[in-house]
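The next block holds one structure in the form of structure tokens; read it before the comments.
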Amino acid sequence: MRRNWLAGVMTAAVCAAVAAQDRSYDVDVGKAKADWVEESLEGVADELGLDKLQQEQFDRIVADIMPRARAQGDQLNEKLRELRAVRGDPARTAELNEAMHELGNPTPFFDEAVSGVEPLLRPEQLGRLIAAVERVEAQGRGWEWNQRVIGALPQALELAGESRGRFHQLVGKHMGQAWSASRSAIEPLLAEMRAAREAGDFVKVAELRAKINALEMDPEKVTANLIAEFRTQLAPEQATKLDEWLATRGGEEGGAGADGAAGGRGPGAAALLRAARRSGLSPEQRAALRTIERETAGERRAAGHDGAKRAAVAESLRKRIDALLTPEQKPRFEAHLSRLMK
């Protein structure tokens, strides 16, 4: 079953708005982010089969998360408005693109919910949670590739001027159309599913959830269609360069992924941060981790694709995380990290 609780659809909305800056495919990305956080957390409860007490506790977790998710959504919209006002300023556009991708990333909210619900679960429910998280992470790799194509391909092919503009128009077309088609099909089912949940008809909830899963955007398909149409617009030498870039998956390394340590020999910064967020952090620890993540982001960007530099950043980050965690949290961190690295 293809699941995409958070990252996929939110990535689509942000990428469509950011890369294309095309009003014809305009979406309220801030509301989209918050809605999908809320809808996705509802999906967690559906998947786990929570009892009444567990559901009440989980509802409190969601109630704590949602105001922050909506506040980030407001910031997203503000950045998008500024982005549209600075067309023609490449430096500021790049800065705003980066800020929007960071604000559009719902993964910290997902990890916080997972960390909060995990201690509430019975053994059989914990197994369902692990399986669901693994599906999300597998789906996330498709969206990481999608973001890599949108963010790195123009530079790899040295696109400029009109050709770069055509590429961004195609991003808006494929991402925007896929987003709109998916949302228009899914929204009535979401309303029906909420009514079934309120009525206690969880068999109907499961049936509707399966339909929704089937209608979600397929990141690999959207990316492949984008590349296929873009290829038709390239000169032969550019098409050859595109094939070479695709053959190396855009220079992506295995193991720990594009953000991983050198040659995939150890966990990258992204995996370390995800494992830390799932380690049962207190509110104060979560705030401290967000500070560490912001401070590390510049180092990760500066490391680029240099494996040795990325490994050094990851090693430094791991030491800071280790200092943040309590002795009781460290085994959870290691367990989550081990699962992420499989």
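The values are calculated or read from the model by the stated rules, or taken from the named source; none is laboratory data. Note that the structure is a prediction, hence the values are computed from the model and not measured. Neighbour counts are summed over all protein chains in view; Cβ atoms, including those assigned to glycine, are modelled from backbone coordinates with ideal geometry.
Table for the structure above
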item	result
Out of 17, 34, 71, sole residue that is in the same structural domain as residue 181 (by TED's automatic domain parsing) and at pLDDT 85 or above	71
Test for residue 155: is it in a helix (DSSP H, G or I), over 21 Å from residue 98 (Cβ atoms), more than 21 Å from the chain's Cα centre (by Cα) and not basic (Lys, Arg)	no
Enumeration of residues in the stretch 101-137 that are part of a helix (DSSP H, G or I) and charged (D, E, K, R)	102, 111, 112, 118, 124, 128, 134, 135, 137
Failed item, numbered, when residue 54 is tested on (1) surrounded by fewer than 16 Cβ atoms within 10 Å (Cβ to Cβ); (2) modelled with pLDDT of 80 or more	(1)
Filtered residues of the stretch 155-205 (kept if β-branched (Val, Ile, Thr) and in contact (Cβ under 8 Å) with a residue 24 or more places away in the chain)	171, 186, 205
The stretch 308-342, subset buried (at least 18 other Cβ atoms within 10 Å of the Cβ) and among the small types (Gly, Ala, Ser), residue farthest from residue 268 (Cα to Cα)	311
Residues being closer than 17 Å to residue 333 by Cβ and small (Gly, Ala, Ser) - total across the stretch 280-299	3
Pairs where the first residue, in the stretch 72-97, is touching a residue at least 12 places away in the same chain (Cβ under 8 Å) and part of a helix (DSSP H, G or I) and the second is surrounded by 12 or more Cβ atoms within 10 Å (Cβ to Cβ) and hydroxyl-bearing (Ser, Thr, Tyr), C-beta under 9 Å, 6+ apart	83/93
Qualifying residue in the stretch 66-77 (condition: under 15 Å from residue 294 (Cβ atoms), within 15 Å of the chain's Cα centre (by Cα) and not basic (Lys, Arg))	yes
Residues within the stretch 246-280 that are modelled with pLDDT of 80 or more and either surrounded by fewer than 16 Cβ atoms within 10 Å (Cβ to Cβ) or over 30 Å from residue 294 (Cα atoms) (or both), tallied	2
Residue check, residue 324 under 21 Å from the mean Cα position of the chain (by Cα) and of a type in the set (A, V, I, L, M)	no
